[in-house]
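Data first, discussion second: the structure below is written as C-alpha coordinates.
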Amino acid sequence: MKQIVSILLVAAIGILIFSALYFSDETLKFNEYGNVNLDDRVSEKYIDKSVNGNTEEIIFGETQNAESGSANMVTSVVVNYRSFDTLGEVTVLFVSALGVGLLLNGKRKRKNLKDAPNFILKQGARIIFGIMVVFGVYMFIHGHITPGGGFPGGAIIAASILLLYLSDDEFRVKLSAAKAVESTAGSLYVIVGLLGIVLAGYFLQNFLPTGTVGEVISSGVIPIVYMLIGLKVGSELSSVIDGFLTEEVEG
Amino acid sequence: MIIAGNILMVIGGVFLLLGGFGVLRMPDVFNRIQAGTKATTLGAFSLILGVGFVHPQWLLKLILIIVFIAITNPVGSSVLARAAYKKGAYQYKKEGEERSEVK
(Lines give C-alpha, C1' and ligand atoms only; values in the text may rest on other atoms or scores of the structure.)
Protein backbone atom coordinates (compact mmCIF):
# COMPACT_ATOMS: atom_id res chain seq x y z
CA MET A 1 0.00 0.00 0.00
CA LYS A 2 2.72 2.40 1.06
CA GLN A 3 4.74 1.69 -2.07
CA ILE A 4 1.75 2.21 -4.35
CA VAL A 5 0.96 5.55 -2.72
CA SER A 6 4.55 6.72 -2.99
CA ILE A 7 4.83 5.60 -6.63
CA LEU A 8 1.60 7.45 -7.46
CA LEU A 9 2.88 10.53 -5.62
CA VAL A 10 6.18 10.51 -7.50
CA ALA A 11 4.38 10.01 -10.81
CA ALA A 12 1.98 12.87 -10.07
CA ILE A 13 4.81 15.22 -9.15
CA GLY A 14 6.72 14.17 -12.28
CA ILE A 15 3.75 14.86 -14.54
CA LEU A 16 3.19 18.18 -12.76
CA ILE A 17 6.76 19.35 -13.31
CA PHE A 18 6.93 18.06 -16.87
CA SER A 19 3.64 19.65 -17.91
CA ALA A 20 4.57 22.89 -16.21
CA LEU A 21 7.91 23.08 -17.98
CA TYR A 22 6.89 22.03 -21.50
CA PHE A 23 3.14 22.34 -22.02
CA SER A 24 2.12 25.55 -20.26
CA ASP A 25 1.44 28.75 -22.16
CA GLU A 26 4.12 30.86 -23.76
CA THR A 27 4.84 33.32 -20.92
CA LEU A 28 5.54 30.63 -18.34
CA LYS A 29 7.42 28.31 -20.60
CA PHE A 30 10.92 27.21 -19.74
CA ASN A 31 13.36 28.68 -22.27
CA GLU A 32 15.63 26.45 -24.26
CA TYR A 33 19.29 26.41 -23.32
CA GLY A 34 21.04 29.56 -24.50
CA ASN A 35 17.89 31.53 -25.24
CA VAL A 36 17.31 33.03 -21.81
CA ASN A 37 16.94 36.78 -21.56
CA LEU A 38 19.12 37.59 -18.56
CA ASP A 39 17.48 41.00 -18.10
CA ASP A 40 14.39 39.23 -16.74
CA ARG A 41 16.38 37.51 -14.05
CA VAL A 42 16.18 38.33 -10.36
CA SER A 43 19.47 40.12 -9.77
CA GLU A 44 19.09 42.54 -12.69
CA LYS A 45 15.52 43.31 -11.72
CA TYR A 46 16.27 44.14 -8.10
CA ILE A 47 19.37 46.17 -8.87
CA ASP A 48 17.29 48.36 -11.17
CA LYS A 49 14.36 48.44 -8.83
CA SER A 50 16.15 50.32 -6.08
CA VAL A 51 17.17 53.00 -8.55
CA ASN A 52 14.18 53.68 -10.74
CA GLY A 53 11.52 51.19 -9.74
CA ASN A 54 8.26 51.54 -7.91
CA THR A 55 8.88 54.02 -5.09
CA GLU A 56 5.36 54.91 -3.93
CA GLU A 57 4.71 54.93 -0.22
CA ILE A 58 3.33 51.79 1.42
CA ILE A 59 0.69 52.43 4.09
CA PHE A 60 0.05 49.80 6.73
CA GLY A 61 -3.50 48.48 6.45
CA GLU A 62 -4.32 50.29 3.20
CA THR A 63 -1.92 49.48 0.37
CA GLN A 64 -3.20 46.65 -1.76
CA ASN A 65 -1.39 44.20 -4.02
CA ALA A 66 2.09 45.25 -3.00
CA GLU A 67 4.82 43.11 -4.48
CA SER A 68 5.30 40.62 -1.65
CA GLY A 69 2.44 41.91 0.49
CA SER A 70 4.34 41.33 3.72
CA ALA A 71 4.66 44.16 6.24
CA ASN A 72 7.74 42.50 7.73
CA MET A 73 10.75 43.09 5.49
CA VAL A 74 12.72 40.15 6.83
CA THR A 75 9.86 37.78 6.18
CA SER A 76 9.38 39.03 2.67
CA VAL A 77 13.05 38.30 1.99
CA VAL A 78 13.18 34.98 3.83
CA VAL A 79 9.97 33.40 2.56
CA ASN A 80 9.33 35.24 -0.68
CA TYR A 81 12.46 36.39 -2.52
CA ARG A 82 14.83 33.82 -1.00
CA SER A 83 12.41 31.02 -0.21
CA PHE A 84 14.64 28.47 -1.88
CA ASP A 85 17.36 29.30 0.62
CA THR A 86 14.87 28.77 3.45
CA LEU A 87 13.97 25.38 2.01
CA GLY A 88 17.68 24.58 2.31
CA GLU A 89 17.76 25.75 5.94
CA VAL A 90 14.78 23.57 6.77
CA THR A 91 16.61 20.68 5.14
CA VAL A 92 19.72 21.33 7.27
CA LEU A 93 17.59 21.16 10.40
CA PHE A 94 15.91 18.03 9.11
CA VAL A 95 19.25 16.33 8.47
CA SER A 96 20.56 17.17 11.95
CA ALA A 97 17.35 15.86 13.55
CA LEU A 98 17.73 12.75 11.41
CA GLY A 99 21.30 12.30 12.68
CA VAL A 100 20.13 12.53 16.29
CA GLY A 101 17.37 10.04 15.50
CA LEU A 102 19.83 7.61 13.93
CA LEU A 103 22.28 7.77 16.85
CA LEU A 104 19.64 7.54 19.57
CA ASN A 105 17.26 4.99 18.10
CA GLY A 106 15.75 1.79 19.46
CA LYS A 107 13.30 1.13 22.25
CA ARG A 108 13.72 3.88 24.78
CA LYS A 109 12.35 4.96 28.14
CA ARG A 110 12.46 8.17 30.13
CA LYS A 111 15.59 8.96 32.10
CA ASN A 112 14.76 9.41 35.77
CA LEU A 113 15.14 13.02 36.81
CA LYS A 114 17.56 13.37 39.72
CA ASP A 115 15.01 15.09 41.91
CA ALA A 116 11.33 14.47 41.36
CA PRO A 117 9.68 17.76 40.37
CA ASN A 118 7.51 19.18 43.11
CA PHE A 119 3.92 20.36 43.06
CA ILE A 120 4.65 24.02 42.26
CA LEU A 121 6.74 23.21 39.20
CA LYS A 122 4.23 20.64 37.91
CA GLN A 123 1.20 22.89 38.16
CA GLY A 124 3.06 26.01 37.02
CA ALA A 125 4.41 24.19 33.96
CA ARG A 126 0.91 22.98 33.09
CA ILE A 127 -0.42 26.54 33.12
CA ILE A 128 2.53 28.04 31.24
CA PHE A 129 2.55 25.25 28.63
CA GLY A 130 -0.74 26.39 27.09
CA ILE A 131 0.34 30.04 26.99
CA MET A 132 3.64 29.10 25.37
CA VAL A 133 2.02 26.99 22.65
CA VAL A 134 -0.48 29.74 21.86
CA PHE A 135 2.37 32.27 21.70
CA GLY A 136 4.39 30.04 19.41
CA VAL A 137 1.43 29.60 17.07
CA TYR A 138 0.82 33.36 17.12
CA MET A 139 4.48 33.86 16.29
CA PHE A 140 4.35 31.93 13.03
CA ILE A 141 0.83 32.95 11.98
CA HIS A 142 1.80 36.62 12.38
CA GLY A 143 5.22 36.11 10.80
CA HIS A 144 4.42 38.34 7.83
CA ILE A 145 3.15 41.24 9.98
CA THR A 146 5.19 41.37 13.18
CA PRO A 147 8.74 40.25 13.94
CA GLY A 148 8.97 36.51 14.38
CA GLY A 149 8.10 33.73 12.02
CA GLY A 150 8.33 30.02 11.60
CA PHE A 151 11.74 29.33 13.12
CA PRO A 152 11.31 31.19 16.43
CA GLY A 153 7.68 30.02 16.65
CA GLY A 154 8.74 26.41 16.25
CA ALA A 155 11.53 26.89 18.79
CA ILE A 156 9.03 28.31 21.30
CA ILE A 157 6.74 25.30 20.81
CA ALA A 158 9.70 22.95 21.31
CA ALA A 159 10.65 24.89 24.45
CA SER A 160 7.17 24.31 25.85
CA ILE A 161 7.61 20.59 25.17
CA LEU A 162 10.98 20.73 26.99
CA LEU A 163 9.24 22.38 29.95
CA LEU A 164 6.81 19.45 30.15
CA TYR A 165 9.73 17.01 29.97
CA LEU A 166 11.49 18.75 32.86
CA SER A 167 8.40 19.06 35.02
CA ASP A 168 6.96 15.57 34.58
CA ASP A 169 8.79 12.28 35.08
CA GLU A 170 6.44 10.29 32.86
CA PHE A 171 5.79 12.65 29.96
CA ARG A 172 6.89 11.66 26.44
CA VAL A 173 6.09 13.11 23.03
CA LYS A 174 4.30 10.76 20.66
CA LEU A 175 7.23 10.31 18.31
CA SER A 176 5.12 8.87 15.48
CA ALA A 177 2.85 11.93 15.55
CA ALA A 178 5.85 14.30 15.60
CA LYS A 179 7.37 12.50 12.62
CA ALA A 180 4.06 12.57 10.74
CA VAL A 181 3.66 16.33 11.27
CA GLU A 182 7.28 16.94 10.32
CA SER A 183 7.21 14.96 7.09
CA THR A 184 3.79 16.27 6.05
CA ALA A 185 4.85 19.87 6.61
CA GLY A 186 8.14 19.35 4.78
CA SER A 187 6.51 17.76 1.75
CA LEU A 188 3.77 20.40 1.67
CA TYR A 189 6.47 23.09 1.53
CA VAL A 190 7.96 21.44 -1.56
CA ILE A 191 4.47 21.01 -3.05
CA VAL A 192 3.78 24.71 -2.56
CA GLY A 193 7.02 25.36 -4.43
CA LEU A 194 5.96 23.05 -7.26
CA LEU A 195 2.57 24.75 -7.46
CA GLY A 196 4.58 27.93 -7.89
CA ILE A 197 6.18 26.42 -11.01
CA VAL A 198 2.80 25.41 -12.40
CA LEU A 199 0.83 28.56 -11.63
CA ALA A 200 3.42 31.33 -11.79
CA GLY A 201 6.43 29.96 -13.62
CA TYR A 202 9.15 29.75 -10.96
CA PHE A 203 9.86 27.39 -8.09
CA LEU A 204 8.34 28.78 -4.83
CA GLN A 205 6.90 31.81 -6.65
CA ASN A 206 4.14 33.59 -4.72
CA PHE A 207 1.07 32.58 -6.75
CA LEU A 208 -1.77 33.78 -4.48
CA PRO A 209 -3.11 37.37 -4.43
CA THR A 210 -1.17 39.45 -1.91
CA GLY A 211 -4.12 41.42 -0.49
CA THR A 212 -3.87 44.37 1.89
CA VAL A 213 -0.58 44.97 3.69
CA GLY A 214 -0.92 44.26 7.42
CA GLU A 215 -3.89 41.90 7.45
CA VAL A 216 -3.56 38.35 8.73
CA ILE A 217 -4.83 36.80 5.52
CA SER A 218 -2.59 38.55 3.02
CA SER A 219 0.70 38.25 1.16
CA GLY A 220 -0.16 35.05 -0.68
CA VAL A 221 1.74 31.91 0.25
CA ILE A 222 3.95 33.53 2.93
CA PRO A 223 1.70 32.69 5.93
CA ILE A 224 1.10 29.18 4.59
CA VAL A 225 4.82 28.53 4.19
CA TYR A 226 5.61 30.00 7.61
CA MET A 227 2.95 27.84 9.26
CA LEU A 228 4.48 24.77 7.62
CA ILE A 229 7.98 25.82 8.74
CA GLY A 230 6.76 26.45 12.29
CA LEU A 231 5.10 23.05 12.56
CA LYS A 232 8.14 21.36 11.04
CA VAL A 233 10.70 23.06 13.30
CA GLY A 234 8.55 22.51 16.40
CA SER A 235 8.05 18.80 15.82
CA GLU A 236 11.67 18.26 14.77
CA LEU A 237 13.12 19.94 17.85
CA SER A 238 10.61 18.08 20.03
CA SER A 239 11.83 14.74 18.74
CA VAL A 240 15.46 15.85 19.29
CA ILE A 241 14.59 16.76 22.89
CA ASP A 242 12.96 13.36 23.31
CA GLY A 243 16.12 11.68 22.04
CA PHE A 244 18.28 13.50 24.58
CA LEU A 245 16.04 12.97 27.61
CA THR A 246 15.46 9.24 27.15
CA GLU A 247 17.75 6.23 27.49
CA GLU A 248 17.87 2.91 25.73
CA VAL A 249 16.10 -0.05 27.30
CA GLU A 250 18.59 -2.88 27.75
CA GLY A 251 17.89 -6.41 26.60
CA MET B 1 -4.96 59.48 34.99
CA ILE B 2 -1.59 60.40 33.50
CA ILE B 3 -0.33 61.65 36.88
CA ALA B 4 -1.42 58.40 38.55
CA GLY B 5 0.32 56.45 35.81
CA ASN B 6 3.52 58.44 36.29
CA ILE B 7 3.43 57.92 40.06
CA LEU B 8 2.96 54.16 39.55
CA MET B 9 5.86 54.07 37.12
CA VAL B 10 8.13 55.85 39.60
CA ILE B 11 7.09 53.43 42.36
CA GLY B 12 7.82 50.51 40.06
CA GLY B 13 11.22 51.92 39.16
CA VAL B 14 12.10 52.41 42.84
CA PHE B 15 11.13 48.81 43.64
CA LEU B 16 13.18 47.50 40.73
CA LEU B 17 16.15 49.54 41.95
CA LEU B 18 15.73 48.16 45.49
CA GLY B 19 15.53 44.66 44.05
CA GLY B 20 18.81 45.27 42.24
CA PHE B 21 20.45 46.47 45.47
CA GLY B 22 19.06 43.41 47.22
CA VAL B 23 20.63 41.07 44.70
CA LEU B 24 23.97 42.81 45.28
CA ARG B 25 23.84 43.14 49.05
CA MET B 26 22.13 40.00 50.39
CA PRO B 27 24.44 37.41 52.01
CA ASP B 28 23.39 34.11 50.38
CA VAL B 29 21.57 32.75 47.35
CA PHE B 30 18.17 32.34 49.00
CA ASN B 31 18.01 35.90 50.24
CA ARG B 32 19.15 37.08 46.82
CA ILE B 33 16.38 35.13 45.10
CA GLN B 34 13.90 36.67 47.52
CA ALA B 35 15.08 40.19 46.78
CA GLY B 36 15.31 39.55 43.06
CA THR B 37 11.83 38.06 42.77
CA LYS B 38 9.57 39.75 45.28
CA ALA B 39 10.79 43.26 44.66
CA THR B 40 10.94 42.90 40.90
CA THR B 41 7.48 41.29 40.74
CA LEU B 42 5.91 44.24 42.50
CA GLY B 43 8.13 46.70 40.61
CA ALA B 44 7.23 45.24 37.22
CA PHE B 45 3.53 45.14 38.16
CA SER B 46 3.32 48.81 39.04
CA LEU B 47 5.58 49.86 36.16
CA ILE B 48 3.43 48.05 33.60
CA LEU B 49 0.20 49.22 35.21
CA GLY B 50 1.52 52.79 35.13
CA VAL B 51 2.20 52.47 31.40
CA GLY B 52 -1.35 51.16 31.07
CA PHE B 53 -2.73 54.28 32.79
CA VAL B 54 -0.78 56.59 30.52
CA HIS B 55 -1.81 54.66 27.36
CA PRO B 56 -5.28 53.20 28.10
CA GLN B 57 -5.51 51.60 24.65
CA TRP B 58 -2.72 49.16 25.61
CA LEU B 59 -4.26 48.25 28.96
CA LEU B 60 -5.57 44.81 28.00
CA LYS B 61 -2.26 43.62 26.58
CA LEU B 62 -0.38 44.99 29.59
CA ILE B 63 -2.71 43.14 31.97
CA LEU B 64 -1.94 39.97 30.03
CA ILE B 65 1.78 40.65 30.57
CA ILE B 66 1.12 41.16 34.30
CA VAL B 67 -0.73 37.83 34.48
CA PHE B 68 2.17 36.13 32.71
CA ILE B 69 4.71 37.63 35.15
CA ALA B 70 2.46 36.65 38.07
CA ILE B 71 2.55 33.04 36.92
CA THR B 72 6.16 32.66 35.80
CA ASN B 73 8.14 34.72 38.32
CA PRO B 74 7.16 32.85 41.52
CA VAL B 75 7.40 29.44 39.83
CA GLY B 76 10.84 30.21 38.44
CA SER B 77 12.19 31.53 41.76
CA SER B 78 10.75 28.56 43.64
CA VAL B 79 12.43 26.13 41.28
CA LEU B 80 15.76 27.99 41.53
CA ALA B 81 15.62 28.08 45.31
CA ARG B 82 14.75 24.38 45.51
CA ALA B 83 17.60 23.46 43.16
CA ALA B 84 20.04 25.55 45.21
CA TYR B 85 18.86 23.90 48.43
CA LYS B 86 19.17 20.39 47.02
CA LYS B 87 22.64 21.23 45.77
CA GLY B 88 23.55 22.31 49.31
CA ALA B 89 24.17 25.98 48.62
CA TYR B 90 25.73 28.11 51.34
CA GLN B 91 23.17 29.29 53.90
CA TYR B 92 23.76 32.38 55.95
CA LYS B 93 22.63 31.94 59.57
CA LYS B 94 23.05 33.47 62.95
CA GLU B 95 24.36 31.59 66.01
CA GLY B 96 22.21 28.65 67.11
CA GLU B 97 19.88 28.44 64.08
CA GLU B 98 18.97 25.14 62.42
CA ARG B 99 18.56 24.26 58.77
CA SER B 100 14.92 23.81 57.86
CA GLU B 101 13.85 20.81 55.80
CA VAL B 102 12.42 21.32 52.32
CA LYS B 103 10.44 18.71 50.42
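The values are calculated or read from the model by the stated rules, or taken from the named source; none is laboratory data. Model, not experiment: these values are computed from the prediction. Cβ atoms come from the backbone with ideal geometry, glycine included; neighbour counts cover every protein chain shown.
Numbers below:
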item	result
Residue match in segment A:138-150 (condition: part of a helix (DSSP H, G or I), within 14 Å of chain B (Cβ to nearest Cβ) and at negative phi)	yes
Unique match (being within 14 Å of another protein chain (Cβ to nearest Cβ) and either crowded, with 18+ Cβ neighbours inside 10 Å or not β-branched (Val, Ile, Thr) (or both)) among B:Pro74, B:Pro56	B:Pro74
All positions within segment A:67-76 that are small (Gly, Ala, Ser) and in a helix (DSSP H, G or I)	A:Ser76
In segment A:192-251, residue farthest from A:Phe151 (Cα to Cα) [restricted to those that are of a type in the set (D, E, K, R) and surrounded by fewer than 24 Cβ atoms within 10 Å (Cβ to Cβ)]	A:Glu250
Qualifying residue in segment A:128-138 (condition: within 14 Å of the chain's Cα centre (by Cα) and at pLDDT 90 or above)	yes
Residues within segment A:77-133 that are assigned to a helix (DSSP H, G or I), of a type in the set (S, T, N, Q) and within 11 Å of chain B (Cβ to nearest Cβ), tallied	1
Residue in segment B:29-37 that is away from chain A (no Cβ under 14 Å), surrounded by fewer than 16 Cβ atoms within 10 Å (Cβ to Cβ) and not small (Gly, Ala, Ser) present	yes
Complete set of residues in segment B:59-71 that are of a type in the set (Val, Ile, Thr) and at the interface with chain A (Cβ under 10 Å from one of its Cβ atoms)	B:Val67, B:Ile71
Residues located in segment A:77-91, provided they are of a type in the set (Ser, Thr, Tyr) and modelled with pLDDT under 90	A:Tyr81, A:Ser83
Test for B:Tyr85: is it in contact (Cβ under 8 Å) with a residue 40 or more places away in the chain and within 13 Å of chain A (Cβ to nearest Cβ)	yes
Any hit, segment A:107-115, residues being touching a helix residue (DSSP H, G or I) at 6+ places or on another chain (Cβ under 8 Å), under 23 Å from A:Ser218 (Cβ atoms) and at pLDDT below 90	no
Some residue of segment B:95-102 being in contact (Cβ under 8 Å) with a residue 24 or more places away in the chain and either more than 30 Å from A:Arg126 (Cβ to Cβ) or within 14 Å of chain A (Cβ to nearest Cβ) (or both)	no
Residue that is under 11 Å from the mean Cα position of the chain (by Cα) and touching a residue at least 24 places away in the same chain (Cβ under 8 Å), where the choices are A:Leu245, A:Leu164, A:Leu231, A:Leu204	A:Leu231
Among (1) under 15 Å from A:Val240 (Cα atoms); (2) touching a Leu at 6+ places or on another chain (Cβ under 8 Å); (3) not polar (S, T, N, Q), the one test that A:Tyr189 misses	(1)
Residue pairs meeting the criteria (Cβ under 9 Å; at least 6 apart or on separate chains; first under 29 Å from B:Ala83 (Cβ atoms), in segment A:94-119; second polar (S, T, N, Q))	A:Val100/A:Ser239; A:Leu104/A:Thr246; A:Arg108/A:Thr246; A:Lys109/A:Thr246; A:Arg110/A:Thr246; A:Lys111/A:Thr246; A:Pro117/A:Ser167; A:Asn118/B:Ser78
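Yes/no per residue for (1) closer than 30 Å to A:Leu163 by Cβ; (2) more than 20 Å from the chain's Cα centre (by Cα); (3) at pLDDT 85 or above:
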| residue | (1), (2), (3) |
| --- | --- |
| A:Lys2 | no, yes, yes |
| A:Ser6 | no, yes, yes |
| A:Thr55 | no, yes, no |
| A:Gly61 | no, yes, no |
| A:Gln64 | no, yes, no |
| A:Ser70 | no, no, no |
| A:Val74 | yes, no, yes |
| A:Leu93 | yes, no, yes |
